[in-house]
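Peer 1: Sharing a structure with you now.
The values are calculated or read from the model by the stated rules, or taken from the named source; none is laboratory data. Source: prediction; values computed, not measured. So basically every Cβ, Gly included, is an ideal-geometry build from the backbone, and we count neighbours across all protein chains shown. Quick note on the areas: whole protein, heavy atoms, side chains included, nothing else; ligands and nucleic acids left out. Shrake-Rupley method; radii C 1.70, N 1.55, O 1.52, S 1.80 Å.
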Amino acid sequence: GLQRKYGQDAAEILEYAAALEAEQQQLEQADDEIGRLQQVVTALEDGLASSAAQLTALRLEAAARLEAGLADYLEQLGMAAARFEVRLEPLDAPGRSGSDRVQFLFSANPGEPLRDLNEVASGGELSRLLLALHLVAGADQPVLVFDEIDAGTGGRAAVAIGRLLRQLATERQVLVVTHLPQVAAFAHEQYVVSKAEQD
């Protein structure tokens, strides 16, 4: 009966029995292995939570420095009433980028609530804000292009924009499309671009 069910001869039957015993041992040890793996998962989750908390603390410090640095530049750039805020919203669970959603909020005028930067800032405001961000935080890009950075400005604000662009250009190449001579005057090179109809 054993031969019909488990092998042709005694050797095969014993080999089958040994395989069943090994499988039984694995199953008996599975509970221990599950417990061990749960401990590993718990330790990894604790490590992730700790790292995420450290990252949040560093982000809060950096956000305060960024907000303070930008406030100085925004005033120089003719946006004295503008407000910029970095908001950290906690996520349900930490991921690859920590446990926060980082959001930049902006208000250009007094009395207006802070809203998502990409929803409320005009092209000129975004360009001036980008200039301020590069001056405060630096940039990895070797070439920066600004268009409409002087839109809606003039006088002292235009002079400040030109001076700050020149300051930024000490470390990288900066290209600026401008209509204001106050801004163009700070450039190392100026090019006039015009269009005309022929025939």
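Conditions (1) in contact (Cβ under 8 Å) with a residue 24 or more places away in the chain; (2) open to solvent by 100 Å² or more (accessible area, probe 1.4 Å), marked per residue:
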| position | (1), (2) |
| --- | --- |
| 6 | no, no |
| 15 | no, yes |
| 21 | no, yes |
| 43 | no, no |
| 71 | no, no |
| 82 | yes, no |
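Peer 1: While we're looking at this one, here's another question. Are any of the residues in the stretch 138-151 surrounded by 11 or more Cβ atoms within 10 Å (Cβ to Cβ), part of a helix (DSSP H, G or I) and under 28 Å from the mean Cα position of the chain (by Cα)?
Peer 2: no
Peer 1: Okay, moving on. Under 7 Å between Cβ atoms, at least 6 apart or on separate chains: pull out the pairs that start in the stretch 109-132 with a residue that is under 19 Å from residue 147 (Cβ atoms) and end on any residue that is open to solvent by 70 Å² or more (accessible area, probe 1.4 Å) and modelled with pLDDT under 90.
Peer 2: Listed by first residue and then by second, the contacts come to 123/148; 124/148; 124/152; 127/147; 127/148.
Peer 1: Looking for whichever is of a type in the set (A, V, I, L, M, F, W, C) and under 30 Å from residue 118 (Cβ atoms) here; the options are 81, 19, 43, 49. Which one fits?
Peer 2: Exactly one residue qualifies, and that residue is 81.
Peer 1: Further, regarding this structure: Determine, yes or no, whether residue 65 is closer than 30 Å to residue 161 by Cα and open to solvent by 100 Å² or more (accessible area, probe 1.4 Å).
Peer 2: Judged against the criteria, residue 65 is a match.
Peer 1: Next question, about the same structure. Of 95, 111, 152, which residue is under 25 Å from residue 183 (Cβ atoms), of a type in the set (Gly, Ala, Ser) and either modelled with pLDDT of 90 or more or out of contact with any Leu (no Cβ under 6 Å at 6 or more places or on another chain) (or both)? So that I can check it myself, show each step before the final result.
Peer 2: On the way: 95 fails: under 25 Å from residue 183 (Cβ atoms); 111 fails: under 25 Å from residue 183 (Cβ atoms).
Of 95, 111, 152, the one residue that is under 25 Å from residue 183 (Cβ atoms), of a type in the set (Gly, Ala, Ser) and either modelled with pLDDT of 90 or more or out of contact with any Leu (no Cβ under 6 Å at 6 or more places or on another chain) (or both) is 152.
Peer 1: Yes or no: the stretch 46-64 includes at least one residue that is charged (D, E, K, R), at pLDDT 90 or above and touching a Ser or Thr at 6+ places or on another chain (Cβ under 8 Å).
Peer 2: Looking through the stretch 46-64, none of the residues is charged (D, E, K, R), at pLDDT 90 or above and touching a Ser or Thr at 6+ places or on another chain (Cβ under 8 Å).
Peer 1: Which of the residues belonging to the stretch 91-136 are open to solvent by 70 Å² or more (accessible area, probe 1.4 Å), part of a strand (DSSP E or B) and among the charged types (D, E, K, R)?
Peer 2: Passing the criteria: 92, 101, 115.
Peer 1: Going by the conditions given, is residue 76 polar (S, T, N, Q) and exposed (fewer than 13 other Cβ atoms within 10 Å of the Cβ)?
Peer 2: no
Peer 1: Scan the stretch 155-194 for residues that are assigned to a strand (DSSP E or B) and either open to solvent by 60 Å² or more (accessible area, probe 1.4 Å) or among the basic types (Lys, Arg) (or both) and jot them down.
Peer 2: Residues satisfying the conditions are 173, 175, 177.
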